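No lab work stands behind these numbers, since they all come straight from the coordinates. Keep in mind that what you see is a predicted model, and the values were worked out from it rather than measured. All Cβ positions, glycine included, derive from the backbone under ideal geometry; neighbour counts span all protein chains shown.
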Amino acid sequence: MIKVIAVKNAEELAQKAYEKIVSVMESKNEVTLGLATGGSPLGIYALMRENKPATSHVTTINLDEYIGLEPTHDQSYRYFMNDQLFNHLPFKATYVPDGIAADLQKACGDYEAIIAANPVDLQLLGIGENGHIAFNEPGTSFDSPTQVTGLTESTINANSRYFEKKEDVPTSAITMGIGSIMKAKEILLIASGEKKAEAIKQMLEGNVTEACPATALQHHANVTVIADEAALSLC
Ligand code: GLP
């Protein structure tokens, strides 16, 4: 059963999610956090920069990276994470998939080994308008490991808001698979805004189907969704 925490707006969402993340970070001497990019976690990372919780015992593993963007490219997810979080707080280690690896298949295998060596205690997730999680688009196998994937038109359109023009959005990415994500001991999915309402309804109330990747979470034993009124408006 997915636990749902309804909040008023994005600000309250960030506060609640931040508190949950800090409680996990404080629970053990060694912690691994699975982290996400996109607009949804921005408020959480701002609270982390402001409150500076202890992080030197925390390893982070990010979900995904665009293929072809250098870590110094301001739209790469490595750049995003450095800018929002890693340049501000001292983590034990920070991992983001290597989107410019000469051998991308090897990079995927290496990333799975990193996940295996650092089992994720809490995985933070956003959700795409089409129900994708990380860059696992509709149709992705629920067993998938870290892999190279093409992006759908819906995702390219949605993410083009961060780029100068739509043609600049990479068309492929390296992403933790749904199988990799499901290994996390606990999952925290956050969503705000009306554009996510359909995906949230599907995830919570729809049949479990690879056509909506987020429905895989119905089969995980410990998932919490924090969503605002707009994102929950169709439920
Ligand atoms: C991207 C990311 C996802 C993210 C989703 C939603 O495609 N790969 O990890 O959850 O978009 O992004 P946003 O939070 O900006 O709406």
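Be a star and scan the range 198-235 for residues whose amide nitrogen sits under 20 Å from the point 7 Å along the Cα-to-Cβ vector of Glu129.
Flagged as within label range: 198-204, 211-215, 227-235.
Under the classification rounded if a/c is under 1.5, otherwise prolate if a/b is larger than b/c and oblate if not, where does the range 44-118 fall, given a ≥ b ≥ c as square roots of the Cα gyration tensor eigenvalues?
Oblate, because a/c is 1.5 or more while a/b does not exceed b/c.
Report, by chain and number, residues whose modeled amide H sits under 5 Å from the one on Cys212, excluding near sequence neighbours (fewer than 5 apart, same chain).
It is Gly139, by chain and number.
Let me have the 222 nm mean residue ellipticity of the chain computed from DSSP H runs of 4+ only, each contributing -39500 (n - 2.57), with the sum over all residues rounded to the nearest 500.
Helix-only estimate at 222 nm: -8000 deg cm²/dmol.
Only helices at least 18 Å long along their axis, Cα-based, and averaging -1.0 or more on Kyte-Doolittle count here, so list those DSSP H runs from the chain.
Qualifying helices: 10-25, 104-117.
Please go through the residue pairs Lys20/Lys201; Lys92/Lys183; Lys20/Lys165; Lys16/Lys196; Lys52/Lys106 and name each one whose alpha carbons sit more than 28 Å apart in this structure.
Flagged as over cut-off: Lys20/Lys165; Lys52/Lys106.
5 Å is the cut-off here: which amide hydrogens, built 1.01 Å from N in the peptide plane, fall below it relative to Val7, excluding neighbours closer than 5 in sequence?
Ala227, Asp228, Glu229
Would you please give the residues with an amide H less than 5 Å from that of Leu189, counting only those at least 5 places away or on a separate chain, with H modeled from the backbone geometry?
Here Leu125, Thr224, Val225, Ile226 satisfy the definition.
Rank the residues Asp64, Asp98, Asp103, Asp110 as a footprinting-exposure proxy: fewest other Cβ atoms within 10 Å of their Cβ go first.
Fewest-to-most Cβ neighbours within 10 Å comes out as Asp103, Asp110, Asp98, Asp64.
Return a whole-number percent for the relative contact order of the chain, with Cα pairs under 8 Å and 6 or more residues apart as the contact set.
Relative contact order, the chain: 26 percent.
By how many nm would the segment from Asn51 to Gln105 grow when fully extended, if each residue of separation counts as 0.36 nm and the alpha-carbon distance is taken off?
15.6 nm
Can you bin the chain into rounded, prolate or oblate? Criterion: square roots of the alpha carbon gyration tensor eigenvalues sorted a ≥ b ≥ c, rounded for a/c under 1.5, prolate for a/b above b/c, oblate for the rest.
rounded
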